[in-house]
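To start, the structure itself, in structure tokens.
Only the coordinates and a few stated rules stand behind these numbers; no lab work does. This structure is a prediction, so every number in the text was calculated from the model and none was measured. All Cβ positions, even for glycine, are placed from backbone atoms using ideal geometry, and neighbour counts span all protein chains on display.
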Amino acid sequence: MKRRFVFATGNRHKLEEARAILGGRVEIVSPADLGYAGDIPEEQETLEGNALQKARHVHGLFGADCFADDTGLEVAALGNAPGVRSARYAGESRDPLANTRKVLRLMEGVTRREARFRCVIALILDGKEYLFEGIVEGEILERPAGDGGFGYDPVFRPRGHEESFALMPASLKNEISHRGRALRALERFLCREEERWRS
Ligand code: IMP
């Protein structure tokens, strides 16, 4: 039987992505699947802090093995902002279009355009905590390109590629994205742990 993990997210898109990468090895359920309709707090000043806070919250609710992720867009010329504030960069309404416009406005006329997405996953397994990280390097475009994906995808072009994330097929984005990389780091860890469970 597959070991079960609760993924501390309310985002169906992330849940599908995690199942696509880890589903062959473990069963993944969401708090909603277990009947939880409350919020999952993320009030910390770092991605690591938020990922841990979300995982601990869900561990407290269900006492189950679980994991949570937190992502930030880090723009070098903006001192690595919006970072941990990526979802709320233009205000508490968490409006992705307004967030993207704010980045483009602040980057007007700026030639140094390097940026990266950084995703941190916190895992609680048998009561012990572990952190995993995934990074994709790239740059901020001068104007949006494409309407696929979500969040800052239209203005981020990963290094070594011609297209923004918003113009890529989801399969290619998942292969190179920050979250895909962090999930695969988690998968490698679970693969090693699985050998221990079975022995
Ligand atoms: P979260 O921690 O995954 O919810 O991400 C925080 C914010 O970062 C989101 O509200 C998005 O604006 C942005 N973000 C996270 N992942 C991506 C991505 O893959 N593409 C574009 N924006 C993203």
| query | For the pair residue 94 and residue 64, what calculated FRET efficiency results from E = 1/(1 + (r/R0)^6), where r is the Cβ-Cβ distance and R0 = 35 Å, to the nearest 0.05? | reply | 0.80
| Linear extension gain, residue 130 paired with residue 192, 0.36 nm per residue minus alpha-carbon span | 20.9 nm
| remark: Inverse of <1/r> over all distinct C-alpha pairs of region 1-50, i.e. the Kirkwood Rh in Å, gives 12.1
| remark: Mean-square fluctuation maximum in Gaussian network of the chain, Cα pairs under 10 Å, restricted to 116, 56, 105, hits 105
| By counting other Cβ atoms within 10 Å of each Cβ, how are 128, 2 ranked from fewest to most? | 128, 2
| request: Find how many whole Å separate the alpha carbon centroid of region 1-41 from the alpha carbon centroid of region 110-156. | output: 20
| Estimated FRET transfer efficiency when R0 is 30 angstrom, pair residue 77-residue 150 (beta carbons, to 0.05) | 0.80
| task | First select every other residue whose beta carbon is under 13 angstrom from the beta carbon of residue 95; then total the charges, Lys and Arg +1, Asp and Glu -1. | result | +3
| request: Describe numerically, in nm with one decimal, the distance between label points set 7 Å from Cα along Cα→Cβ at residue 11 and at residue 161. | output: 1.6
| remark: The base-10 log of I(q)/I(0) that the Debye equation returns for the chain at q = 0.17, 0.18 Å⁻¹, one scatterer per C-alpha, is -1.14, -1.25
| remark: With the charge dipole of region 4-198 built from beta-carbon charges (+1 for Lys and Arg, -1 for Asp and Glu) about the Cα centre, the Cα from 44, 140, 58 projecting farthest to the positive end belongs to 140
| message | At 20 angstrom or more along the helix axis (alpha-carbon based) and mean Kyte-Doolittle of -0.5 or higher, what helices does the chain contain? Whole DSSP H runs only. | response | 47-62
| query | For the chain, what does -39500 (n - 2.57) per DSSP helix run (n ≥ 4), summed and divided by total residues, give at 222 nm, in deg cm²/dmol to the nearest 500? | reply | -10500 deg cm²/dmol
